[in-house]
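Taken together, the values in this text are just the output of simple stated rules run on the coordinates, not laboratory data. Model, not experiment: these values are computed from the prediction. Every residue, glycine among them, receives a Cβ derived from its backbone with ideal geometry; neighbour counts consider all protein chains shown.
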């Protein structure tokens with residue numbers, strides 16, 4: 001694929017104020033349109049890594065910019081522009097929905113871009129339709145199911161026309177139908193995806209590639225089916241291979 005990678009991370013290090021070194025020299029890239037699963041045990045640094053992709057966590061260790069989005073180094077000067085290209089889905093939907101109605105929530109991001117009211121309205125309409133929530137504009141977020149909240153959050157990201165989606169535990173609180181619907185939706189999006197999840201069956205269904213993170217370091221990176229079927233590798237890093245039916249289920253989603 002021509003052009004720069006959607007995401008480039010080079011020797012990314014991060015230490016929290018309490019001294020915990022959460023990322024210890026992480027390097028990888030994600031091509032445009034590629035779907036990559038980010039897996040690892042609790043405390044591996046997955047959420048910390050995602051928060052760096054649009055500058056929500058500033059670097060605390062010295063060095064040059066360690067993250068590039070579409071070839072643009074992520075710095076304080078470029079952070080606002082980069083955030084418009086990288087949509088971050090939080091692990092808790094209620095942390096992301098803060099307006100009185102779904103329509104207002106989805107319109108919040110594009111409204112900050114200086115677009116006309118007509119363009120903002122058009123983006124909201126397209127985004128809600130894309131996630132199966134057309135007509136939900138006036139619905140209060142607290143009246144949504146867990147799956148609908150997830151989709152409303154995703155609509156808010158899609159309204160920004162991102163090139164990259166970074167999703168933190170996207171299947172949390174979803175029932176099997178919600179998981180299937182989300183997998184179908186994600187595999188149909190023309191964007192790069194980085195999905196951090198403990199739901200390895202879902203990762204296998206959606207992603208062709210998996211990166212394993214443990215103790216702030218990448219310990220494996222390769223084809224999803226091969227990595228997730230490597231039981232010794234999975235067990236060594238606090239994980240379990242998906243059940244056999246997950247491999248068959250993967251065939252139900254578009255590649």
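Ranking 195, 218 by Cβ neighbours within 10 Å, fewest first, what do you get? The partial results should precede the final answer.
Values: 195 26, 218 21.
With the sparsest Cβ surroundings first, the list reads 218, 195.
How high is the FRET efficiency from residue 161 to residue 219, r the C-beta distance, R0 30 Å, rounded to 0.05?
Details: r = 34 Å, r/R0 = 1.15.
With R0 = 30 Å, the Cβ-Cβ based efficiency is 0.30.
By DSSP, what percent of the beta bridges with both residues in the chain are antiparallel, rounded to the nearest 5? Please report the intermediate quantities before stating the final value.
Details: 18 of 35 bridges.
Once the DSSP bridges in the chain are tallied, antiparallel ones form about 50 percent.
Consider all pairwise Cα distances in the range 93-161 and report the whole-number % of them above 14 Å.
In whole percent, the share of Cα-Cα pairs in the range 93-161 beyond 14 Å is 47.
Multiply the residue gap between residue 138 and residue 27 by 0.36 nm, knock off their C-alpha separation, and tell me the result in nm, one decimal place.
On the way: separation 111, 0.36 × 111 = 39.96 nm, distance 4.30 nm.
35.7 nm is the gain from fully extending residue 138 to residue 27.
Over the residues of the range 47-158, compute the C-alpha Rg and express it relative to 2.2 N^0.38 Å.
Working: Rg = 15.4 Å, N = 112, 2.2 N^0.38 = 13.2 Å.
Here the Cα radius of gyration is 1.17 times the empirical estimate.
For the range 131-227, just run the numbers: alpha carbon Rg, then divide by 2.2 N^0.38 Å, N being how many residues it has.
Working: Rg = 14.6 Å, N = 97, 2.2 N^0.38 = 12.5 Å.
Relative to the rule-of-thumb radius for its length, the range 131-227 sits at 1.16.
How would 98, 90 line up from fewest to most surrounding beta-carbon atoms within 10 angstrom? Could the numbers behind the result be given before it?
Details: 98 10, 90 18.
By the 10 Å Cβ count, ascending, the order reads 98, 90.
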